[in-house]
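Visitor: One structure, pasted below without further comment.
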C-alpha cells in the first residue's frame, strides 16, 4: 500500500487496468474473431471451416452487394443531413431557453428512449403503411388524395425512421456545445457591426462545430449499419447492408461472408470518419 | 441651439419585470471625456452602459449619441464599441482576426484592414502576437487585445465594462495609467464602468456615483471626494466618520449639536434639512487631528471644532496610524494621523484627547 501511495502512475494504471482488460476481452477479441472468420470457408450448418480463402472479400465487391453498400452510404448520409437540419435548430432553441426550462426540454427529448426501438418502429409502420396506414387512410377519407402516397417500403420510409430514431443523439452534443457558448461573444460580434445573421455564421456556428461533428458521427455510424429500420419500414424490398449482414448470420448461415461484409463496412466507416474529421478540421476547432 | 454631447441620457429608465434597474437617469457626457459610472454591484451602472451599447433597450427615456437619438437601433448600427468585462475575445480566431472582425463587418478594404490591424497591435505593443489564439495570451495581453479590437474601429465613444476587474492588483494599477494615457492620446470619449472607487478617482475626468439605479452625484474626482452630495456618496467613496447630530441653526452659519451637547460649526448642509432635524456630520479621517487636553487654545478659533474623547483602539498601517476615538456620546470616530517622525510619542489606549477639525471639512448630511 505504502508503495502504491508513493507512485501515482501505478495508481493510474491500476484504475485503467479494469476497463482495459474489459475492452480487450469483450471488444477486441470479438473483432479479431470477425477478422479471422472473414478469411475462412463457411461451415455446413453455420460456423466455419478452418481453410484460408479470399473469396468472401471478393464477393463483397460483387455488384449485387456493392450496390447495397453504396445505397446504405447514401441513406446514412441523407439521414445525417436531415437529422442535422432538424436537430440544430432544436438544439439552438433548447440552449436559448431560460435555464430553468432547459433540463425539462432535454428530458422530453429523451422520453422516446424509454420505449424499445423495435416497438417504436412498428408504431411508424401503422402510420406509413400504404393501404392501411393512418396517414394514407385519413388523407383519402378526407378526399385530399385519391391514390395512397408511397410512404412505405422505400428509401423515404427508411430515412424517416432513421431520422426519427437518431434525432436525440444529434441534438444532445450540439446542445452541449451551444449551451456553453458565452453569450458575451455574440454581444461582442454585434458590437463589432455584425448583423445577427453574421454573428451566427462567424461566431455561433464555428464554435458549435465540435457538437455538430460528434452528433453527425453518432447518427451516421448507426444509420449505416442499421437493420431494424430497413427491415420493418423498407418492407423487405428496400434493404441496407445491415440486413444482408444479419441475414448471413441468421438466415444463410454464411458466417465468413457476414464477417467479410462487416470488416469492409467497418473499414469504409473508418475512412468516411477520417475524411469527415479532416474536412471539419479546416473550420478550425478551438 | 443646445450643446451636443458625446452621449446624453434623458430620464432613462430600465425595468426588468418588477425590478427597476435604472431609475430616471439623466447624464451629459462631453466629447473627449473620461467618464466613469461608479457604484456597488447591482447599482445599475452596467445596465446603463449596456443601454448605450444597444444590448438592452430602455423602458423609458431617450439616449443620444453625438446628438442622434438611438431608439431601438441594434448594437451593430451604433457608433460605439465595447470592451467587455471578460474581454469576450473570439476563441476560434487569431488575435489579428479578432481585431479585423469589426472592420470586416463594415466591409473596409482588405489592405486597409491589414494596415489598421498592425497599427492597433503596435499601439498595444503586441505586434508579435498577431497569429496567436486568445487562449495563448495572459490576462493583461487579452485585455489589451480587447481594447485594440474596439479602438481599431475608431468609435465615437468607447464603452468599458470593468475592463481591469480580472487583473491582479499590480497589473491593474499599471493598466490604469496606460488606459488613461491611451484615452488622452486617441481623444475618444471613454465611458468606464467600475465598482473600484480608487480606479474611478485615478482615471476619470468626471464620475457619476450610482446606487439602486439612481445617480447620486456627478462631478470631478475632487468634488466627489471632498464634497460628497449625500451620505451614500460620502460612505461609498473613501472612508468617512458619521457623527449623529441635531441641527441648531442653518443661517447665518451651520451649527450642530453632538449627542454630548458639544456644539460645532459645519461648512455645508445638504438641502432639505431644517433646524431641529437629526442628521449626520461627515468628516474624513485624514481631515481630523488629535490634541492633548492642555493643547486647546485659550481662545479657540471659531471655525475649528474641538470635541472631547478617549482613545479606544489603535491600528498601525505603515504610512499612518488609525486612531479610534470614542466621543462623549459613545460615537466612535477614526482619526488617521500620518507617521511623519520615527520615535514620535504615540497616543495610548484609554488616554483622553481632543479631536479637532476645520469646519470647512465637516458636512451635514441627511441620516
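The values are calculated or read from the model by the stated rules, or taken from the named source; none is laboratory data. All values derive from a computational prediction rather than experimental measurement. Backbone-built Cβ (ideal geometry, glycine too); neighbour counts: all protein chains shown.
Visitor: Looking at B:61, B:71, which is the one that is in contact (Cβ under 8 Å) with a residue 40 or more places away in the chain and either within 20 Å of residue B:130 (Cα to Cα) or more than 10 Å from chain A (Cβ to nearest Cβ) (or both)? Before the answer, list the steps.
Guide: Numbers: B:71 fails: in contact (Cβ under 8 Å) with a residue 40 or more places away in the chain.
Only one candidate qualifies: B:61.
Visitor: Which one of these is surrounded by fewer than 22 Cβ atoms within 10 Å (Cβ to Cβ) and either more than 14 Å from every other protein chain (Cβ to nearest Cβ) or farther than 21 Å from residue B:100 by Cβ (or both): B:157, B:186? Steps first, answer last, please.
Guide: Values: B:157 fails: surrounded by fewer than 22 Cβ atoms within 10 Å (Cβ to Cβ).
The unique qualifying residue is B:186.
Visitor: Go over the candidates B:255, B:265, B:325, B:315 one by one and state the one that is assigned to a strand (DSSP E or B) and touching a residue at least 40 places away in the same chain (Cβ under 8 Å). Don't jump to the end; show me each part of the working.
Guide: Numbers: B:255 fails: touching a residue at least 40 places away in the same chain (Cβ under 8 Å); B:325 fails: touching a residue at least 40 places away in the same chain (Cβ under 8 Å); B:315 fails: touching a residue at least 40 places away in the same chain (Cβ under 8 Å).
None of the other options fit; the residue is B:265.
Visitor: Yes or no: segment B:37-54 includes at least one residue that is in a strand (DSSP E or B) and closer than 24 Å to residue B:186 by Cα. Step through it out loud before you land on a result.
Guide: We begin by selecting, within segment B:37-54, every residue in a strand (DSSP E or B); these are B:37-38.
Going one step further and asking which of them are closer than 24 Å to residue B:186 by Cα, we end up with B:37-38.
Checked segment B:37-54: at least one residue is in a strand (DSSP E or B) and closer than 24 Å to residue B:186 by Cα.
Visitor: Could you grab me the full set of residues in segment B:35-50 that are within 14 Å of chain A (Cβ to nearest Cβ) and in contact with a strand residue (DSSP E or B) (Cβ under 6 Å, 6 or more places away or on another chain)? Break it down into steps so the answer makes sense when it comes.
Guide: Taking segment B:35-50 and keeping what is within 14 Å of chain A (Cβ to nearest Cβ), we get B:46-47, B:49-50.
Hits for segment B:35-50 are B:46, B:47, B:49.
Visitor: With the condition kept exactly as written, say whether any residue in segment B:50-73 is surrounded by 21 or more Cβ atoms within 10 Å (Cβ to Cβ), over 25 Å from the mean Cα position of the chain (by Cα) and within 20 Å of residue A:191 (Cα to Cα).
Guide: yes
Visitor: Kindly indicate whether any position in segment B:125-148 is surrounded by 15 or more Cβ atoms within 10 Å (Cβ to Cβ), farther than 12 Å from residue B:34 by Cα and in contact with a strand residue (DSSP E or B) (Cβ under 7 Å, 6 or more places away or on another chain).
Guide: yes
Visitor: OK, next. Which residue, of A:128, A:118, A:90, A:86, is in contact (Cβ under 8 Å) with a residue 40 or more places away in the chain and crowded, with 20+ Cβ neighbours inside 10 Å? Even if it seems obvious, please write down each step before you answer.
Guide: Working: A:118 fails: crowded, with 20+ Cβ neighbours inside 10 Å; A:90 fails: crowded, with 20+ Cβ neighbours inside 10 Å; A:86 fails: crowded, with 20+ Cβ neighbours inside 10 Å.
Only one candidate passes the filter, namely A:128.
Visitor: Please note which helices (runs of 4 or more DSSP H) are completely contained in segment A:24-140 and include at least 1 residues that are closer than 19 Å to residue A:252 by Cβ and touching a helix residue (DSSP H, G or I) at 6+ places or on another chain (Cβ under 6 Å). Steps first, answer last, please.
Guide: On the way: elements: A:29-37, A:55-60, A:63-96, A:99-110, A:117-128.
Here the list reads A:29-37, A:55-60, A:63-96.
Visitor: Could you please find all residues in segment B:80-124 being buried (at least 16 other Cβ atoms within 10 Å of the Cβ), more than 10 Å from chain A (Cβ to nearest Cβ) and farther than 28 Å from residue A:208 by Cα?
Guide: Answer for segment B:80-124, where residues must be buried (at least 16 other Cβ atoms within 10 Å of the Cβ), more than 10 Å from chain A (Cβ to nearest Cβ) and farther than 28 Å from residue A:208 by Cα: B:116, B:120, B:121, B:123, B:124.
Visitor: What is the residue count in segment B:147-171 for residues that are in a helix (DSSP H, G or I) and at pLDDT 90 or above?
Guide: Counting residues in segment B:147-171 that are in a helix (DSSP H, G or I) and at pLDDT 90 or above gives 5.
Visitor: Sticking with this one: Restricting attention to segment A:270-283, which residues are in a helix (DSSP H, G or I) and in contact with a helix residue (DSSP H, G or I) (Cβ under 6 Å, 6 or more places away or on another chain)? Full working, then the answer.
Guide: Here is the first cut: in segment A:270-283, the residues in a helix (DSSP H, G or I) are A:270-281.
Residue satisfying the conditions is A:280 alone.
Visitor: Would you check which residues across segment B:335-348 are over 29 Å from the mean Cα position of the chain (by Cα) and either closer than 23 Å to residue B:242 by Cβ or surrounded by 13 or more Cβ atoms within 10 Å (Cβ to Cβ) (or both) and list them?
Guide: B:346, B:347
Visitor: Out of B:198, B:239, I need the residue that is surrounded by fewer than 21 Cβ atoms within 10 Å (Cβ to Cβ), within 30 Å of residue B:285 (Cα to Cα), at pLDDT below 95 and within 12 Å of the chain's Cα centre (by Cα). Which one?
Guide: On the way: B:239 fails: within 12 Å of the chain's Cα centre (by Cα).
Selected residue: B:198, the only one of B:198, B:239 that is surrounded by fewer than 21 Cβ atoms within 10 Å (Cβ to Cβ), within 30 Å of residue B:285 (Cα to Cα), at pLDDT below 95 and within 12 Å of the chain's Cα centre (by Cα).
Visitor: Only one residue in B:32, B:54 is within 14 Å of chain A (Cβ to nearest Cβ) and either at positive phi or in contact with a strand residue (DSSP E or B) (Cβ under 7 Å, 6 or more places away or on another chain) (or both), so which one is that?
Guide: Within the list B:32, B:54, the selection yields B:54.
Visitor: I'm trying to understand the selection: among the residues of segment A:141-167, which are under 20 Å from residue A:229 (Cβ atoms) and part of a loop (DSSP other than H, G, I, E, B)? First the steps, then the outcome.
Guide: Step one: filter segment A:141-167 for residues under 20 Å from residue A:229 (Cβ atoms), giving A:149-167.
Answer for segment A:141-167, where residues must be under 20 Å from residue A:229 (Cβ atoms) and part of a loop (DSSP other than H, G, I, E, B): A:149, A:150, A:151, A:152, A:153, A:154.
Visitor: On the given criteria, is residue A:181 in a loop (DSSP other than H, G, I, E, B), modelled with pLDDT of 90 or more and within 14 Å of chain B (Cβ to nearest Cβ)? Talk me through it step by step, then tell me what you get.
Guide: Working: in a loop (DSSP other than H, G, I, E, B): yes; modelled with pLDDT of 90 or more: yes; within 14 Å of chain B (Cβ to nearest Cβ): yes.
Considered against the rule, which asks whether it is in a loop (DSSP other than H, G, I, E, B), modelled with pLDDT of 90 or more and within 14 Å of chain B (Cβ to nearest Cβ), residue A:181 comes out as yes.
Visitor: Turning to a different aspect of this structure: Criterion first (at the interface with chain B (Cβ under 9 Å from one of its Cβ atoms) and surrounded by fewer than 16 Cβ atoms within 10 Å (Cβ to Cβ)) does residue A:146 satisfy it?
Guide: Details: at the interface with chain B (Cβ under 9 Å from one of its Cβ atoms): no; surrounded by fewer than 16 Cβ atoms within 10 Å (Cβ to Cβ): yes.
So residue A:146 fails the test.
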